[in-house]
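What follows is a single structure, written as structure tokens, with notes after it.
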Amino acid sequence: MPLTQVGNELQEVDFGELIRSISQGIADSQRALDLASIQTLVVLSKTPVDVIPEVSEVIVGAPFQVNVSGQSPVTVTGARVLASASEPVQMNALQAGLLPTFYQFTEATIQLKVSIQLREAQQTDTDGSKKGGVFAFASNVNFRTQNTFSYSVDASASVSVTMRPVPPNARLTPSVITVNTLGGGKPTVTINS
């Protein structure tokens, strides 16, 4: 849209409606972010991954010889670490500990360079009822306003938004119940909430 059309669009906007519209846009964006994170949670629960549940490290003796000047070599008890991994186990990405990131709008700064005018006006609702009063109207800073009040700004708008990751809601994080039947004894149950 050319700049002149943007200026024309801004000429007769109710200031309260302008703020309401921007606030509704932020609320709609937050809802879309939340729904996207919940959809990611569902996808993660259906995505299979191979996970190595255990890595074993065994410390073994590894003696070696140290040369000492003027004497025969001395044997020193050393150590080496031998590592081995268990066979991969297939589970879903959620079981493997991958959780979606949830974002939250923590602040929004809206900067509009507009001229605010108070006017007495009458509004007619869809049911035919009328209400009157003094309303605030916002318009772009135009040449007449610039010359009369010595404004030296261009019609522009900027919105800066800060989003931060937040932990998922506790109800969205599933409880994990692990039953260990290994070891020949009584099975052990671990519940992680």
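The values are calculated or read from the model by the stated rules, or taken from the named source; none is laboratory data. Quick caveat, the model's predicted, so the values are computed rather than measured. In this analysis, Cβ positions are derived from the backbone assuming ideal geometry, glycine residues included, and neighbour counts consider all displayed protein chains.
What number of residues within region 16-31 are touching a residue at least 12 places away in the same chain (Cβ under 8 Å) and surrounded by fewer than 12 Cβ atoms within 10 Å (Cβ to Cβ)?
Qualifying residue count, region 16-31: 0.
For region 32-47, does any single residue satisfy the condition of being over 30 Å from residue 103 (Cα atoms) and either surrounded by 14 or more Cβ atoms within 10 Å (Cβ to Cβ) or touching a Pro at 6+ places or on another chain (Cβ under 7 Å) (or both)?
Scanning region 32-47 turns up no residue that is over 30 Å from residue 103 (Cα atoms) and either surrounded by 14 or more Cβ atoms within 10 Å (Cβ to Cβ) or touching a Pro at 6+ places or on another chain (Cβ under 7 Å) (or both).
A quick yes/no check of all residues on (1) hydroxyl-bearing (Ser, Thr, Tyr); (2) modelled with pLDDT of 80 or more:
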residue: 81; (1), (2): no, yes
residue: 84; (1), (2): yes, yes
residue: 89; (1), (2): no, yes
residue: 101; (1), (2): yes, yes
residue: 142; (1), (2): no, no
residue: 157; (1), (2): no, no
residue: 170; (1), (2): no, no
residue: 183; (1), (2): no, no
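Go through 20, 31 for me and flag whichever is at pLDDT below 85, assigned to a helix (DSSP H, G or I) and either in contact with a strand residue (DSSP E or B) (Cβ under 6 Å, 6 or more places away or on another chain) or not β-branched (Val, Ile, Thr) (or both).
20
Considering only residues that are outside any loop (DSSP other than H, G, I, E, B), within 30 Å of residue 177 (Cα to Cα) and free of Cβ contacts under 8 Å to residues at least 40 places away in the same chain, look in region 71-98 and name the one that is nearest to the chain's Cα centre (by Cα).
Among those residues, the one meeting the criterion is 89.
Going by the structure shown, is residue 65 of a type outside the set (Lys, Arg) and free of Cβ contacts under 8 Å to residues at least 12 places away in the same chain?
Against the criterion (of a type outside the set (Lys, Arg) and free of Cβ contacts under 8 Å to residues at least 12 places away in the same chain), residue 65 qualifies.
Report whether or not residue 68 is in a helix (DSSP H, G or I), of a type outside the set (S, T, N, Q) and either closer than 26 Å to residue 173 by Cβ or not assigned by TED's automatic domain parsing to the domain that holds residue 171 (or both).
For residue 68, the condition - in a helix (DSSP H, G or I), of a type outside the set (S, T, N, Q) and either closer than 26 Å to residue 173 by Cβ or not assigned by TED's automatic domain parsing to the domain that holds residue 171 (or both) - is not met.
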